[in-house]
Amino acid sequence: MTDTNPTSDPASGPSLENLLHETRSFPPSEEFAAQANAKAGLYERASAAGEEFWAEQARELVTWQTPFTETLDWSGAPVARWFGDGTLNAAYNAVDRHVEAGHGDRVAIHFEGEPGDTRTVTYADLQQEVSRAANALTTLGVRTGDRVVIYLPMLVESVVAMLACARIGAPHSVVFGGFSADALRSRIADAEATLVVTADGGYRRGAPSALKPAVDEALAPKEGAPETSVQKVLVVRRTEQEVDWVEGRDVWWHEALAAADPVHEPVAVEAEHPLFILYTSGTTGKPKGILHTTGGYLTQTAYTHKYVFDLKPETDVYWCTADVGWVTGHSYVVYGPLVNGATQVLYEGTPDTPHRGRWWELIQKYKVSILYTAPTAIRTCMKWGDDIPGEFDLSSLRVLGSVGEPINPEAWMWYRRVIGGDRAPVVDTWWQTETGAIMISPLPGVTAAKPGSAQVPLPGIAATVVDDEAKPVPDGGGGYLVLSEPWPSMLRGIWGDLERYKDTYWSRFEGLYFAGDGAKKDDDGDIWLLGRVDDVMNVSGHRLSTTEIESALVSNPIVAEAAVVGANDETTGQAVVAFVILRGEHANRASTPEGAAEVQKELRDHVGKEIGPIAKPKKILVVPELPKTRSGKIMRRLLRDVAEDRTVGDATTLADSSVMDLITAGLAVPSAASED
Ligand code: PRX
C-alpha cells in the first residue's frame with residue numbers, strides 16, 4: 001500500500017537535519033556527578049562482562065525465589081530466554097519485599113484525583129490491597145496463566161489491578177481508557193481474556209466521563225464478531241455514575257476486595273512466565289499484542305529506572321505523567337519505580353484542569369524531584385508561557401526525563417531552563433513498547449547532554465545505525481536504528497503470532513532487530529532519532545498506524561478510498577491527515593464548505609468510534625484521486641508534501657502524473673479543517 005524507500009523518506013521533516021549541527025553541550029555539575037548512581041565505569045563494566053553484566057543487575061535489583069544459574073539462552077533466536085531457570089514474583093518484588101525490609105511506612109503512591117481528592121498509599125497499604133485483589137481475582141475464577149484485561153483511568157486501583165494479576169501469574173493486558181469499545185473488543189478477543197477490570201468512569205477536564213458503557217458494548221454479542229471468553233467484569237466505583245449492571249457477570253471492586261483476605265502468598269513463576277501483553281500499532285491494520293515476560297523485564301526496568309533517573313528511593317519523589325495504558329506507564333509508573341521502592345505521584349487528570357499550572361502545582365505540593373514526561377506536553381506548556389510555571393516553586397526538581405518522540409532542541413532547552421532552573425539534567429530516553437525499557441539515553445552525572453539527542457546506548461545495550469545493506473554507518477551518516485544484541489526486557493514475541501514477530505523485527509536485516517526508526521550519528525558518534533520509517537505515526541507520543549486509520553475510514557460506506565499520512569505538527573510532533581475519495585453522490589455533498597465540514601465531522605466521529613478519539617484525523621481532505629505508482633502503491637510522500645503545505649516533490653513515477661495537479665487544484669477551495 002505504500003511507497004517505501006525509507007532512507008529517502010524518513011518521517012523526519014527537514015528541520016531535524018539542522019539539529020545535527022547542535023554544538024551546545026551540558027556536562028554534569030561536579031556536585032551532581034559526585035552523588036550520581038551512574039559512574040563512567042558502568043560502561044566499562046558492561047562491555048567487559050558481557051551478559052554477566054545483566055546477571056549482576058538481576059541479582060542486585062531483583063529478589064528471586066529460586067536463583068537462576070543460566071543467564072541468556074539465545075539458541076531459540078529471535079526468542080530469548082533470560083535467567084530461564086530462576087523463579088520469582090513481580091508483585092512480591094514491587095511491594096512485599098519493601099515491607100519485609102522495614103519500609104512499610106514509606107509512601108508508594110501520592111494519588112491526586114483530578115477534582116482534587118487525594119490518597120496516600122504506603123507500601124504496607126499497597127501490600128494489603130494487592131493481596132486482597134489477588135484473592136478476589138482467584139475467587140472470581142482467574143487462574144495462573146489466564147489473561148485479564150484492564151480498562152481503567154489513572155487510579156491507584158489501576159496499579160493494584162496490574163500487581164494483583166502479577167501476583168497470581170495471570171498476564172494482564174491494559175487497554176488505554178481512550179480506546180473505543182470496538183478497539184477494546186478486538187483486544188479482549190485476541191488475548192482471549194476471561195475477566196475485565198474497569199470503572200464506572202473517571203474525571204476528565206473537570207467532568208465525570210463514563211467508561212463502563214464501552215465494556216458493556218465490547219462484550220455484547222455482535223454480528224460477525226466471535227463471542228468473548230469474558231466471564232466476569234470487576235467494576236471500580238470512581239465517579240458514582242449510573243451504570244447498567246449485568247447480574248452474574250458484573251462485580252463491584254470494593255465489595256469483592258472487602259470480602260477478600262488481606263493476606264496472599266505470591267505465586268512464584270518462571271522467569272519467562274508472561275507478565276503482560278500490551279497492544280500497539282504496527283504497519284498493518286491489526287494491532288500487535290507485544291508479549292513481555294517476568295525476570296528480564298523486571299531487571300531492565302529496575303536497572304534503567306535506577307541509573308537513568310538517578311533514583312534515591314529514600315529521598316526522591318518521582319513522577320511519570322504517562323497513563324498506565326501505555327508502555328511508559330507499565331515500565332515507569334508500575335514496575336520500575338515500585339521494584340526500586342520509590343515514592344511517586346499518580347495524577348488522574350489533564351495538565352490544564354482546573355488551570356494550566358496544575359502540574360507545576362503538584363510538583364510544588366509533593367516536592368517532586370524527578371519528572372518524566374513527553375515532548376508534546378513540554379511543547380504545550382511552552383506555548384502557554386513561562387509565567388505559568390514561574391508562579392510555582394520547582395526547586396525540588398533534580399532530574400528531567402523525556403520520552404515518546406524526538407524532542408526538538410527548543411523544547412529541550414525550555415524544559416531545562418524554565419522547569420529545571422538551568423540546573424537539572426535532561427535525559428532524552430529512546431525506547432519502544434517492544435524494547436520494554438529504556439535503551440538509548442544519556443546518563444545523568446556521566447554524559448554531557450546535547451539538546452535533542454538520545455545520544456548513547458545504555459551500558460549493556462548494543463544499538464547502532466546501519467545503511468540499506470546492514471553496514472554500520474560512519475559518524476556523520478544516517479540510516480536505520482538497529483539493536484544487535486539481545487537485551488533482558490526485549491519482547492518475547494507477538495501474542496499468538498510468532499511469524500509476524502520474526503517478519504516485523506528480524507527479517508529486514510539478518511540477525512539484527514529492526515526498530516522501525518530512522519537515525520543518524522553525529523560527528524561525535526552520538527545517536528539522533530529521526531522518527532519512523534514505516535507506516536507508523538507518532539501523535540503526541542502515541543503510536544498510530546496509517547493502515548489502521550485507513551481501514552477505519554473505508555469501513556464507512558461513504559468512503560471509496562483513503563490514504564493517511566502523519567504531517568509535521570508543532571505541538572503534537574505529527575498530526576493525522578487523511579485524504580479520502582467519496583463514493584458517488586457523497587462526492588457532491590463535499591463540494592461546498594458546509595457540506596465538506598459535515599462529511600469531515602462524520603468521518604472523524606467514525607474513526608473515533610472505530611479506534612478511539614486519539615486516532616481522529618486532524619484534517620480530512622476530500623480528493624478526486626489518490627497518487628499511485630504503476631504497481632498501485634499510494635505515494636504518501638507526495639501527500640505529505642500537500643499536508644505540510646510544501647511544493648509537491650517529484651511525481652514522475654506516478655501512473656498518472658496529472659493526479660497531483662488535480663488534488664492540489666481541488667484543495668485550493670478552502671475546506672473546513674476541524675480540530676477537537
Ligand atoms: O519512533 C520512536 C518513538 O516512539 C516509538 C515507540 O513508540 P511506543 O512503542 O508507543 O513507545 C513510546 C514510549 C517508549 C519509537 O519507535 N520514540 C520513543 N522515544 C523516543 C522516540 N523517538 C525519538 N526520541 C525518543 N526519545
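The values are calculated or read from the model by the stated rules, or taken from the named source; none is laboratory data. What you see is a predicted model, and the numbers here were worked out from it, not measured in a lab. In this analysis, Cβ positions are derived from the backbone assuming ideal geometry, glycine residues included, and neighbour counts consider all displayed protein chains. Quick note on the areas: whole protein, heavy atoms, side chains included, nothing else; ligands and nucleic acids left out. Shrake-Rupley method; radii C 1.70, N 1.55, O 1.52, S 1.80 Å.
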Once a ≥ b ≥ c are taken as the square roots of the eigenvalues of the Cα gyration tensor of the stretch 529-676, is the result rounded (a/c under 1.5), prolate (a/b larger than b/c) or oblate (a/b not larger than b/c)? rounded
Enter the mean projected area of the convex hull around the alpha-carbon atoms of the stretch 134-232, in nm², rounded to one decimal. 6.0
If ligands, DNA and RNA are left out, what is the accessible area of THR118 with a 1.4 Å probe, given in Å² to the nearest 10? 80
Using a cut-off of 14 Å between beta-carbons, work out the net charge of the residues near PRO67 (Lys and Arg +1, Asp and Glu -1, PRO67 not included). -4
So how much slack lies between ALA101 and GLU44, counting 0.36 nm per residue of separation and subtracting their Cα-Cα distance, in nm? 17.4 nm
How big is the gap, in Å, between the Cα center of the stretch 444-463 and the Cα center of the stretch 118-138? 37
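With a/c under 1.5 counting as rounded, go ahead and sort the stretch 151-193 into rounded, prolate or oblate using the C-alpha gyration tensor (a ≥ b ≥ c being the square roots of the eigenvalues; past the cut-off, prolate if a/b is larger than b/c, else oblate). Provide the component values of the computation, followed by the final result.
Numbers: a/c = 4.33, a/b = 1.30, b/c = 3.34.
Cα axes put the stretch 151-193 in the oblate bin.
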Residue-count net charge about THR447 - beta-carbon cut-off 13 Å; Lys, Arg +1, Asp, Glu -1: -2
Approximate spin-label separation VAL648-LEU662, in nm, with each point projected 7 Å along Cα-to-Cβ: 1.0
When only the heavy atoms of the protein chains count and the probe is 1.4 Å, how do LYS471, LYS450, LYS312 rank by accessible area, highest first? LYS471, LYS312, LYS450
Tell me the trypsin sites (Lys or Arg not before Pro) within the stretch 238-311 that lie in a loop according to DSSP and have at most 14 other beta-carbon atoms within 10 Å. ARG249
Let's see if you can work this out: charge +1 on each Lys and Arg Cβ, -1 on each Asp and Glu Cβ, no other charges. What is the dipole magnitude of the stretch 81-227 about its Cα centre, in debye to the nearest 20? 180
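May I ask you to order 480-487, 134-141, 261-268, 214-221 by the average number of other C-beta atoms within 10 Å around their residues, highest value first?
Output ranking for 480-487, 134-141, 261-268, 214-221: 480-487, 134-141, 214-221, 261-268.
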Straight-line reach from LYS616: which aspartates and glutamates have Cα under 13 Å away, leaving out those fewer than 8 places along the same chain? GLU548, GLU550, GLU602, ASP605, GLU675, ASP676
In the stretch 416-524, the GluC sites (Glu not before Pro) that fall in loop regions by DSSP, at most 11 other Cβ within 10 Å: GLU469, GLU510
Largest-first ordering by accessible area, 1.4 Å probe, given options HIS254, HIS305: HIS254, HIS305
Would you mind working out the magnitude of the charge dipole of the chain relative to its Cα centre, with +1 at each Lys and Arg C-beta and -1 at each Asp and Glu C-beta, to the nearest 20 Debye? 240
Give me the net charge of HIS305's neighbourhood, meaning all other residues with Cβ under 14 Å from the Cβ of HIS305; Lys, Arg count +1, Asp, Glu -1. -1
Using a 1.4 Å probe on the protein heavy atoms, what percent of the accessible area of the chain belongs to carbon and sulfur? 50
If you take the charge dipole of the chain about its Cα centre, with +1 on Lys and Arg Cβ and -1 on Asp and Glu Cβ, which of THR376, VAL536, ALA597 is farthest toward its positive end? ALA597
Divide by every residue of the chain the summed helix terms, -39500 (n - 2.57) for each DSSP H run of at least 4, and state the resulting mean residue ellipticity at 222 nm, rounded to the nearest 500 deg cm²/dmol. -8000 deg cm²/dmol
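If you take every DSSP beta bridge fully contained in the chain, what fraction is antiparallel? Give it as a percent rounded to 5.
Percent antiparallel among DSSP bridges in the chain is about 60.
Looking only at the stretch 140-291, where both bridge partners belong to it, what percent of the DSSP beta bridges are antiparallel (to the nearest 5)?
Just about 35 percent of them are antiparallel.
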Let's test this: bin the Cα-Cα distances of the stretch 76-163 at 5 Å from zero up to the farthest pair and state each bin's percent. 3, 12, 18, 19, 17, 15, 10, 4, 2, 1, 0
State to the nearest 20 debye the size of the charge dipole of the stretch 322-476 about its Cα centre, where the only charges are +1 on K and R beta carbons and -1 on D and E beta carbons. 500
In whole angstrom, note down how far apart the Cα centers of the stretch 628-646 and the stretch 362-423 are. 37
With a 1.4 Å probe and all protein chains kept in place, how much accessible area does ARG637 have, in Å² rounded to the nearest 10? 70
Say each of ALA210 and GLU192 gets a label point 7 Å from the Cα, pointing the same way as Cα to Cβ; how far apart are those two points in nm? 3.3
What is the log10 of I(q)/I(0) for the stretch 369-447, computed with the Debye formula using one identical point scatterer on each Cα and no solvent, at q = 0.11, 0.26 Å⁻¹? -0.28, -1.34
Using a probe radius of 1.4 Å on heavy atoms only, what accessible surface per residue do you get for the chain? Whole Å² is fine. 37
Can you tell which of THR87, ALA134, GLY113 lies farthest toward the positive end of the dipole of the stretch 73-196, using +1 and -1 charges on the Cβ of basic and acidic side chains (Lys, Arg; Asp, Glu)? THR87
Once the dipole of the chain is set up from charges on Cβ (+1 Lys and Arg, -1 Asp and Glu), the residue from the list GLY401, VAL324, PHE68 lying farthest towards its positive end is VAL324
Using a 1.4 angstrom probe on the protein heavy atoms only, line up ARG589, ARG416 by accessible area, largest first. ARG589, ARG416
Viscosity 1.002 mPa s, temperature 20 °C: give me the Stokes-Einstein translational D for the chain in µm²/s, with Rh taken as the Kirkwood radius over C-alpha pairs. 83
